[in-house]
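Peer 1: Have a look at the structure that comes next, please.
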Amino acid sequence: SQQGEEDPQALSIQEGENATMNCSYKTSINNLQWYRQNSGRGLVHLILIRSNEREKHSGRLRVTLDTSKKSSSLLITASRAADTASYFCATDTTGNQFYFGTGTSLTVIP
Amino acid sequence: DAGVIQSPRHEVTEMGQEVTLRCKPISGHNSLFWYRQTMMRGLELLIYFNNNVPIDDSGMPEDRFSAKMPNASFSTLKIQPSEPRDSAVYFCASNLAGELFFGEGSRLTVL
């Protein structure tokens with residue numbers, strides 16, 4: 001019942017570089033969210049973008065949404081070692097059901 | 001607020017035993033979700049409750065799995081009997097204004 005799929009599965013970059021992750025999904029959505037998961041921990045909400053929005057910013061995060069292509073991207077600028085984590089997109093299809101993608105494992109090398 | 005609280009954090013049990021996982025959502029959140037995370041299948045939505053009522057349990061894998069929410073501050077996920085393929089991290093999350101708040105998870109190992 002997974003809705004989304006992230007790409008790439010794993011990403012390794014140097015500190016200070018930008019990291020871009022992509023998410024594709026299958027059906028119409030109300031909104032799309034990105035979450036972060038540190039190893040051994042629960043997921044933490046990062047940002048939400050509604051279906052009628054195309055771009056949103058929050059600090060070093062930039063999210064885009066293309067509903068015609070059923071895809072979203074998450075850009076983390078000026079990455080830090082502390083950004084090392086797994087990142088998941090989640091789609092809200094009915095207003096109260098959240099389906100998660102497969103995740104991108106990001107490693108930021110100091 | 002302490003956030004979503006799950007217990008136990010770790011459980012190791014033998015095949016055939018009953019397992020009960022517990023969750024206390026954040027006060028005031030009216031929706032609660034149970035997810036299962038494995039390497040093979042990622043995060044799977046098992047069941048969610050709205051105002052303590054189960055709304056969609058289509059993700060519950062088998063009759064061996066059951067979930068209850070007797071009141072707004074407590075939910076359980078029960079597996080009886082447990083099998084090795086149930087080994088996973090089980091997450092509980094509550095919802096406010098479209099944002100999910102996750103607990104730290106219960107890591108279950110069934111031998």
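The values are calculated or read from the model by the stated rules, or taken from the named source; none is laboratory data. From a predicted model like this one, the values you see are computed outputs, not experimental measurements. For neighbour counting, all protein chains shown are included, and Cβ atoms are generated from backbone atoms with ideal geometry for every residue, glycine included.
One line per residue, one yes/no per condition, for (1) in contact with a Lys or Arg (Cβ under 6 Å, 6 or more places away or on another chain); (2) of a type in the set (Asp, Glu):
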| site | (1), (2) |
| --- | --- |
| B:GLU14 | no, yes |
| B:ASN30 | no, no |
| B:TRP34 | no, no |
| B:LEU46 | yes, no |
| B:PRO54 | no, no |
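Peer 1: Of the residues that make up the stretch B:8-26, is at least one under 29 Å from A:ARG50 (Cα atoms) and modelled with pLDDT under 95?
Peer 2: no
Peer 1: Being farther than 16 Å from B:MET60 by Cα, surrounded by fewer than 20 Cβ atoms within 10 Å (Cβ to Cβ) and among the small types (Gly, Ala, Ser) is the filter; apply it to the stretch B:75-103 and report the residue that is nearest to the other protein chains (Cβ to nearest Cβ).
Peer 2: B:GLY98
Peer 1: Name the residue that is nearest to the other protein chains (Cβ to nearest Cβ), counting only residues in the stretch B:47-63 that are part of a loop (DSSP other than H, G, I, E, B) and touching a Leu at 6+ places or on another chain (Cβ under 6 Å).
Peer 2: Taking the candidates together, the pick is B:GLY59.
Peer 1: One residue is enough: does the stretch B:51-71 have a residue meeting the conditions in contact (Cβ under 8 Å) with a residue 40 or more places away in the chain and under 21 Å from B:ARG9 (Cα atoms)?
Peer 2: Scanning the stretch B:51-71, I find no residue that is in contact (Cβ under 8 Å) with a residue 40 or more places away in the chain and under 21 Å from B:ARG9 (Cα atoms), so the answer is no.
Peer 1: If you go through the stretch A:1-51 one residue at a time, how many are in a strand (DSSP E or B) and more than 12 Å from chain B (Cβ to nearest Cβ)?
Peer 2: So the count comes out to 13.
Results for (1) outside any strand (DSSP E or B); (2) under 16 Å from B:GLN6 (Cα atoms); (3) touching a helix residue (DSSP H, G or I) at 6+ places or on another chain (Cβ under 9 Å), shown as yes or no for each residue.
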{"residue": "B:SER66", "(1), (2), (3)": "no, no, no"}
{"residue": "B:MET69", "(1), (2), (3)": "no, yes, no"}
{"residue": "B:SER75", "(1), (2), (3)": "no, yes, no"}
{"residue": "B:LYS78", "(1), (2), (3)": "no, yes, no"}
{"residue": "B:ARG85", "(1), (2), (3)": "yes, no, no"}
{"residue": "B:TYR90", "(1), (2), (3)": "no, yes, no"}
{"residue": "B:SER94", "(1), (2), (3)": "no, yes, no"}
{"residue": "B:PHE101", "(1), (2), (3)": "no, yes, no"}
{"residue": "B:GLU104", "(1), (2), (3)": "yes, yes, no"}
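Residues checked against (1) touching a Lys or Arg at 6+ places or on another chain (Cβ under 8 Å); (2) of a type in the set (S, T, N, Q); (3) modelled with pLDDT under 95:
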residue: A:ASN31; (1), (2), (3): yes, yes, yes
residue: A:GLN37; (1), (2), (3): no, yes, no
residue: A:GLU55; (1), (2), (3): yes, no, no
residue: A:THR64; (1), (2), (3): yes, yes, no
residue: A:ILE76; (1), (2), (3): yes, no, no
residue: A:THR93; (1), (2), (3): no, yes, yes
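Peer 1: Okay, moving on. Which count do you get for residues in the stretch A:52-110 that are away from chain B (no Cβ under 14 Å), in contact (Cβ under 8 Å) with a residue 60 or more places away in the chain and not charged (D, E, K, R)?
Peer 2: 8
Peer 1: If a residue has to be at pLDDT 95 or above and of a type in the set (Ser, Thr, Tyr) to count, how many in the stretch B:55-72 make the cut?
Peer 2: The qualifying residues number 1.
Peer 1: Being more than 10 Å from chain A (Cβ to nearest Cβ) and either in contact with a Ser or Thr (Cβ under 7 Å, 6 or more places away or on another chain) or not in a loop (DSSP other than H, G, I, E, B) (or both) is the filter here, so list the residues in the stretch B:28-42 that pass it.
Peer 2: Result: B:HIS29, B:LEU32, B:TRP34, B:ARG36, B:THR38.
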